[in-house]
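Okay, so here's the structure we're looking at.
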Amino acid sequence: MCWHILGAGSLGSLWATRLARAGLPVRLILRNEARLAAYHAHGGLVLNEGGQRQTFAIPAQSAASAEPVERLLVACKAYDAERAVASIASRLVDGAEVLLLQNGLGSQDAVAAMIPKARCIFVSSTEGAFCNPPWNVVFAGQGFNWLGDTTQTPPPWLDELSAAGIPHQWTADILDRLWRKLALNCAINPLTVLHACTNGALLRQGEEVRALCDELVQVLNACGRPGAATGLHDEVNRVIQATAANYSSMYQDVAHGRRTEISYLLGYLCAKAVEHGCPAPELNRVRERLTAHLVAKGLPSD
Ligand code: NAD
Ligand code: KPL
């Protein structure tokens, strides 16, 4: 069965090139004819891994193609996922498998509601990649991919991921994993933007980090996610230390003038806090400061 990849950016290209390298059938779905022409002019995707560059002439098509889609990896940003899936929804066969790679929460449910006949599988990824220049993906950080859905039954094709060297594990508690990553991102990323600093420099903002973690634990518990709340502050400190020299993904988005995924991180969390009657003054204050910061920079605040 063919892997269709919707969104040939950083993670989409990283998955596509590794699947293609393993000899698996892959098709890129690009937004429109202009993107398709640009891709064809480039002649394929380049994977840059450990200083080695390899080009893969992966077949591509635009969203307007009529080819049926049985297995789809959605590798767009959270704010683009719903519109991107809508653009190919009529091509999905009944029972199609749709892997959702988006960070944060909220976009997955929106996509799943739109395609009720598909099996939506959520992915939480800690791998790191960036594209520079376009169609050239740099594999920047080893990580892991947790996959899961509501049926709890692993799909039979996980061995294809093993063959492609994509580190992964099926998990029965994918939502806890997504909530946990959301909480880590909410504790670290906004502060790195507001203090204009590396993750490691947050060690000097210990009180602020602790206050956020305390509230995050309360919200996670109120939302029925105690598994994602356990030991959160310790893990946040471990991540800050382990990634001390790095700039968070949100810091990098802002630094490059790109839209952030704030609505699917702090925005989602603060909305859930309201829904569950859980006051979260610190989290709301940080969200407001971040929103003002984005507006001042001329960036979307949603
Ligand atoms: P990206 O911006 O590099 O790639 C997204 C791609 O989707 C772009 O090429 C864009 O043109 C394409 N796209 C947008 N709308 C489209 C449409 N309608 N049709 C077709 N293509 C469309 O983003 P990314 O860094 O790969 O991130 C994807 C998701 O993975 C995000 O939610 C991100 O937070 C998450 N993530 C990324 C990394 C990483 O290292 N890059 C790590 C972990 C998680
Ligand atoms: O995932 C991250 C990011 O930068 O988005 C870490 C390194 C965990 C910081 O929150």
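From the list Ser87, Ser65, Ser124, exactly one residue is modelled with pLDDT of 95 or more, open to solvent by less than 20 Å² (accessible area, probe 1.4 Å) and either assigned by TED's automatic domain parsing to the domain that holds Ala8 or within 14 Å of ligand 1 (Cβ to nearest atom) (or both). Which is it?
Details: Ser87 fails: open to solvent by less than 20 Å² (accessible area, probe 1.4 Å); Ser65 fails: open to solvent by less than 20 Å² (accessible area, probe 1.4 Å).
Only one candidate passes the filter, namely Ser124.
Determine which member of the set Asn145, Asn132 is open to solvent by 10 Å² or more (accessible area, probe 1.4 Å), closer than 13 Å to Leu14 by Cα and either within 10 Å of ligand 1 (Cβ to nearest atom) or outside the structural domain of Leu266 (by TED's automatic domain parsing) (or both). Break it down stepwise before answering.
Details: Asn145 fails: open to solvent by 10 Å² or more (accessible area, probe 1.4 Å).
Checking each option against the conditions leaves just Asn132.
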Inset, instruction - Scan (1) of a type in the set (A, V, I, L, M); (2) part of a loop (DSSP other than H, G, I, E, B); (3) open to solvent by less than 70 Å² (accessible area, probe 1.4 Å) for the single condition Ala172 breaks and write down its number. - result: (3)
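Across region 5-46, what is the number of residues that are in a strand (DSSP E or B), closer than 26 Å to Gln142 by Cβ and within 14 Å of ligand 1 (Cβ to nearest atom)? Break it down stepwise before answering.
So the first thing to find is which residues in region 5-46 are in a strand (DSSP E or B), and the list is 5-6, 26-30, 45-46.
Among the residues that remain, those that are also closer than 26 Å to Gln142 by Cβ are: 5-6, 26, 28, 45-46.
Applying the additional criterion that residues be within 14 Å of ligand 1 (Cβ to nearest atom) yields 5-6, 28, 45.
So the answer is 4.
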Legend entry - Odd one out for Leu92, checked against (1) more than 18 Å from Pro134 (Cβ to Cβ); (2) open to solvent by less than 40 Å² (accessible area, probe 1.4 Å); (3) in contact (Cβ under 8 Å) with a residue 60 or more places away in the chain; (4) among the hydrophobic types (A, V, I, L, M, F, W, C): (3)
Inset, instruction - Identify all residues within region 95-104 that are open to solvent by 10 Å² or more (accessible area, probe 1.4 Å) and either polar (S, T, N, Q) or within 16 Å of ligand 1 (Cβ to nearest atom) (or both); write none if there are none. - result: Leu101, Asn103
Inset, instruction - Considering only region 184-211, state which residues are in a loop (DSSP other than H, G, I, E, B) and away from ligand 1 (no atom under 16 Å from the Cβ). - result: His195, Ala196, Cys197, Thr198
Legend entry - Members of region 47-77 found to be under 18 Å from Gly141 (Cβ atoms), among the hydrophobic types (A, V, I, L, M, F, W, C) and out of contact with any Lys or Arg (no Cβ under 9 Å at 6 or more places or on another chain), listed by number: Ala75
Legend entry - Tally, over region 212-247, of residues that are open to solvent by 60 Å² or more (accessible area, probe 1.4 Å) and part of a helix (DSSP H, G or I): 8
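The values are calculated or read from the model by the stated rules, or taken from the named source; none is laboratory data. Please read all numbers here as calculations on a predicted model, not as lab measurements. Virtual Cβ from ideal backbone geometry, glycine too; neighbours counted across all protein chains shown. Areas reflect the complete protein model, heavy atoms only, side chains present, ligands, DNA and RNA absent. Shrake-Rupley method; radii C 1.70, N 1.55, O 1.52, S 1.80 Å.
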